[in-house]
Amino acid sequence: MRAAATKKGLIQQKTTGLQEMGTFRCDGCGEEFLINHPLAFANIRVAEKQARWLEKVLAYDHEYEKKHSERIELPG
């Protein structure tokens, strides 16, 4: 299982083996995403870099009038 950002507020599947690393809020619409890492690879510094990457992805969605995905795989 890979690190992913999942929309907050959706009915979350029970995912064992994942550590919640934080919440990211989209500047454009205010939707919140939970950043989750596999337990064996949980790293706050990586999560911070992923949050900056996620910010660009969500801004791109707004620029091209796309809906945000419910789950976004994050780079390692």
Quick one: in region 13-29, which of the residues that are farther than 26 Å from His62 by Cα and part of a loop (DSSP other than H, G, I, E, B) is modelled with the highest pLDDT? Gly17
Is it true that some residue in region 59-67 is under 22 Å from Met1 (Cα atoms) and modelled with pLDDT of 95 or more? no
Filtering region 30-54 down to residues that are under 20 Å from Leu10 (Cα atoms) and either in a helix (DSSP H, G or I) or in contact with a helix residue (DSSP H, G or I) (Cβ under 7 Å, 6 or more places away or on another chain) (or both) yields Phe33, Ile35, His37, Ala51, Leu54
Residue check: is Leu10 under 14 Å from the mean Cα position of the chain (by Cα), at pLDDT below 95 and surrounded by 13 or more Cβ atoms within 10 Å (Cβ to Cβ)? no
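The values are calculated or read from the model by the stated rules, or taken from the named source; none is laboratory data. Keep in mind that what you see is a predicted model, and the values were worked out from it rather than measured. As a convention, Cβ positions derive from the backbone with ideal geometry for all residues, glycine included, and neighbour counts pool all protein chains shown.
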